[in-house]
Amino acid sequence: MSIRPFDWRDLPALHRYRNQSVFLNSALLFTRGPLLFPGVMLSTLTPAAGIFTSVSTHNGDTDHVLMGQAIHLTGAQVAQLTFLCPDEALDSAALPSLLEHLSGQAVDRGAFRLLAEVDERSMAYEAMRRAAFAIYSRQRIWKIDAQPSSDVSPLVWQVASDDDLIAVRSLYNNLIPGLVQQVEPFPAERLHGMVYRQEGELLAYIELRYGHRGIWAQPFVHPDAEDVIDDLLELIGHVPHRRSKPIYLCIRSYNSWLEPALEDLGASPGIRQAVMVRHLAVPQKTARMFALPALEGGQPEVTAPIAHAHSVNTESNGVLCHNER
């Protein structure tokens, strides 16, 4: 068995597997579609884009291969699996090695964790668990096609600005379970979404991602936001640049109390998914002592710690450690 980057020899197999793929990145799938062929070709032509596709073959047989792809944005702490195919081969003995290879590529780019979103009833779920992936949350995707009526109430949702960053960070820290925060730390870049206030207090933030197929919405709603349920319909009507695109609202387990309201709005529920993580690297800090030279003939000063960084890749229970000195 050998694992290598995708190349032109694998195009016939990819074409055969186009309807046999398991997609593991819901935001990408619902906003931009499967992107099977464009994504694979992009990973081949521009590796620096952070998309990498690998192929596992046995004895050079290009007719029966196992493929996987992951994406890692420059500077991000996490990478995410986008697809595995074919689905009928996910119980293959070759899958753990393929996932190990993709994990290694993510580590080389600086990722600490590899994520995947999986239907718990699927074969992929069991395969991921055998490959050292663990659940850290659960979610359901709700599709909203309805267009708002013309008599919506005055706008209470507003586009988030840099001035909202501290308040949104506080909401995130108070609302999101610690286990989730360890895997998905609050993003340091500017906000991309809308905020909701009551009496001047920020009680909800919805992150938005856009694509030609739809809009992905990730809500963070404080339980004290009593009227936010009634104002969800207004949000749907005021999402910037919506046009006629559907909205896909991702409801995590810690916000599951929003689901009855979405059902009342006529939203269509998707399948429940396990949000899984494989830890790839653990940052560690150690100190090395260096003696300072004597100054102007005096006595040398006491030793002081000076930090130097170096990386070592050691494998222990499937975890790669990056040490900083």
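Bear in mind these aren't lab numbers, they're just calculated from the coordinates by the rules spelled out. Quantities reported herein were computed from a predicted structural model and do not represent experimental measurements. All Cβ positions, glycine included, derive from the backbone under ideal geometry; neighbour counts span all protein chains shown.
Net charge around residue 10, counting only other residues with Cβ within less than 11 Å of its Cβ (Lys, Arg = +1; Asp, Glu = -1)?
Value of the local net charge: +1.
Karplus couplings for segment 63-79 from phi (6.51 cos²θ - 1.76 cosθ + 1.60, θ = phi - 60°), rounded to Hz, Gly and Pro as x?
Using θ = phi - 60°, the values come out as 7, 10, 10, 10, 10, x, 9, 9, 10, 9, 7, 4, x, 6, 7, 10, 10 Hz.
For segment 14-159, give the share of DSSP beta bridges that are antiparallel, in percent and rounded to the nearest 5; count only bridges with both residues there.
Given both bridge residues lie in segment 14-159, the antiparallel proportion sits at roughly 80 percent.
For residue 131, what charge total do you get from the other residues with a beta carbon under 9 Å from its beta carbon, if Lys and Arg give +1 and Asp and Glu give -1?
Counting the neighbours of residue 131, the net charge comes to +2.
Using modelled backbone amide H atoms (1.01 Å from N, in-plane), which distant-in-sequence or interchain residues come within less than 5 Å of residue 112's amide H?
78, 79
Under the definition of Cα pairs under 8 Å and six or more residues apart, what whole-number percent is the relative contact order of segment 2-132?
Once normalised by length, the contact order is 26 percent.
Quick check on the exposure proxy: order 1, 67 from fewest to most C-beta atoms within 10 angstrom.
1, 67
Count neighbours as other Cβ atoms within 10 Å of each site's Cβ, and list the trypsin sites (Lys or Arg not before Pro) in segment 199-277 that are DSSP loop with at most 16 such neighbours.
In loop regions of segment 199-277 (DSSP not H, G, I, E or B), the sparsely surrounded trypsin sites (Lys or Arg not before Pro) are 243.
If each residue of separation counts as 0.36 nm, what is the full-extension length gain between residue 129 and residue 143 once their alpha-carbon separation is subtracted?
2.2 nm
Could you tell me which of rounded, prolate or oblate describes segment 178-247, using a ≥ b ≥ c as the square roots of the eigenvalues of the alpha-carbon gyration tensor, with rounded for a/c under 1.5 and, failing that, prolate when a/b is larger than b/c and oblate otherwise?
Oblate, because a/c is 1.5 or more while a/b does not exceed b/c.
Dipole of segment 2-132, Cα-centred, from +1 at each Lys and Arg C-beta and -1 at each Asp and Glu C-beta, to the nearest 20 debye?
Working: 10 positive and 13 negative charges, 66 e Å.
For this selection, approximately 320 debye.
What is segment 143-272 by shape, rounded, prolate or oblate, if you read a ≥ b ≥ c off the alpha carbon gyration tensor as root eigenvalues and call it rounded for a/c under 1.5, prolate for a/b larger than b/c, and oblate otherwise?
The shape class here is rounded.
Using each residue's phi in segment 274-279, evaluate 6.51 cos²θ - 1.76 cosθ + 1.60 at θ = phi - 60° and report the 3J(HN,Hα) Karplus result to the nearest Hz, with x for Gly and Pro.
Couplings: 8, 9, 10, 9, 10, 6 Hz.
Specify whether the C-alpha gyration tensor of segment 1-134 places it in the rounded, prolate or oblate class, a ≥ b ≥ c being the square roots of the eigenvalues: rounded for a/c under 1.5, otherwise prolate if a/b is larger than b/c and oblate if not.
rounded
To the nearest Å, what is the center-to-center distance of segment 36-113 and segment 178-202, using C-alpha atoms only?
Value for the Cα centre distance between the two parts: 30 Å.
Quick one: 3J(HN,Hα) in Hz for segment 176-186, Karplus 6.51/-1.76/1.60 with θ = phi - 60°, rounded, Gly and Pro as x.
7, x, x, 4, 5, 4, 5, 8, 10, x, 4
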